[in-house]
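Below is one structure, written out as structure tokens; the observations come after it.
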Amino acid sequence: MELKYQTTIHRQSISVEQYIEDYVNIPTFLECCKACQNYEKRWSCPPFDFDVIEYWKAHETLDVIGVKIIFDESMRQKTYTEEEINQIINDSLWKEKEKMADYLMEEEEKYPGSVSLSAGSCLICGDIPCSKEEGLPCRHPEKMRYSIEALGGDVGRTGSKLLGVDLEWMEEGKLPHHFLLVGGLLK
């Protein structure tokens, strides 16, 4: 299957104080996290043994970065099997997520004391279950990062209000116009 898409990058900086006030709602997004299969099973996912608001407040600025993955019209017109959808996600979303993570880690190097925020949950260990499930420490603490949503941030509102890009969802066997990955750098 020929994969046809392009990406656009969207950026916006906001003070952490303003971001907490306008975009962070820990109780609401903790409930969303509880419904996810990764809850309590990945080091990057809640519940945490630290105060999430204090984690945010340890920094002054959040540089929000969005990668919009725009699918070609010919791809959006087709209906795909679940296996084909999974392949498209692997070859587009996960590929772009990895590129974004690499970029954010490079940005961390430029700004001492900064920490990146992942676009979604951790995938560093690939198909191997996270060591948290075995009660063991993270295998890659130098690479593991929390996501905005895991820290109570509203990624949908962040995308639409800060980046000017709404989230879109897949319908049965159909690709959306675009996917949006939202991550950031706390400085």
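The values are calculated or read from the model by the stated rules, or taken from the named source; none is laboratory data. As the structure is a prediction and not an experimental result, all values here were calculated from the model. FYI the Cβ positions are ideal-geometry reconstructions off the backbone, even for glycines, and counts take in every protein chain you see. With ligands, DNA and RNA removed, areas are computed over all heavy atoms of the protein, side chains included. Shrake-Rupley method; radii C 1.70, N 1.55, O 1.52, S 1.80 Å.
Based on protein heavy atoms only, the chain ends up with 57 Å² per residue of surface accessible to a 1.4 Å probe. Net charge near G164, counting Lys/Arg +1 and Asp/Glu -1 over other residues with Cβ under 13 Å of its Cβ? It works out to a net charge of +3. Charged neighbours of S147, selected by a Cβ distance under 11 Å, balance to +2 (K, R count +1; D, E count -1). Listed by chain and number, the aspartates and glutamates whose alpha-carbon sits under 15 Å from that of K57, ignoring those within fewer than 8 places in the same chain, are E17, E21, D22. Region 1-66 and region 85-102 have Cα centres lying 18 Å from one another.
Each helix, a run of at least 4 DSSP H residues, gives -39500 (n - 2.57); summed and divided by the residues of the chain, these come to -8500 deg cm²/dmol at 222 nm. Summed over all non-identical Cα pairs, the Kirkwood treatment of region 21-62 gives a radius of 11.5 Å. Averaging the sequence gap over all C-alpha pairs within less than 8 Å and six or more residues apart, then dividing by the number of residues, gives the chain a relative contact order of 37 percent.
Protection proxy ranking of 92-100, 69-77, by the mean of other Cβ atoms within 10 Å over each peptide's residues and highest first, is 92-100, 69-77.
Taking only the C-alpha atoms of the chain, Rg followed by Dmax gives 16.7, 47 Å.
Among the listed pairs K4/K99; K41/K143; K34/K68; K34/K95, a Cα-Cα separation exceeding 20 Å is found for K34/K68; K34/K95. Taken over region 79-187, the alpha-carbon convex hull comes to 128 cubic angstrom per residue.
Local charge for K34 was computed over the other residues whose Cβ lies under 12 Å away, with Lys and Arg +1 and Asp and Glu -1, and equals -1.
Surface composition of region 58-187: carbon plus sulfur atoms hold 49% of the accessible area, using a 1.4 angstrom probe and ignoring ligands, DNA and RNA.
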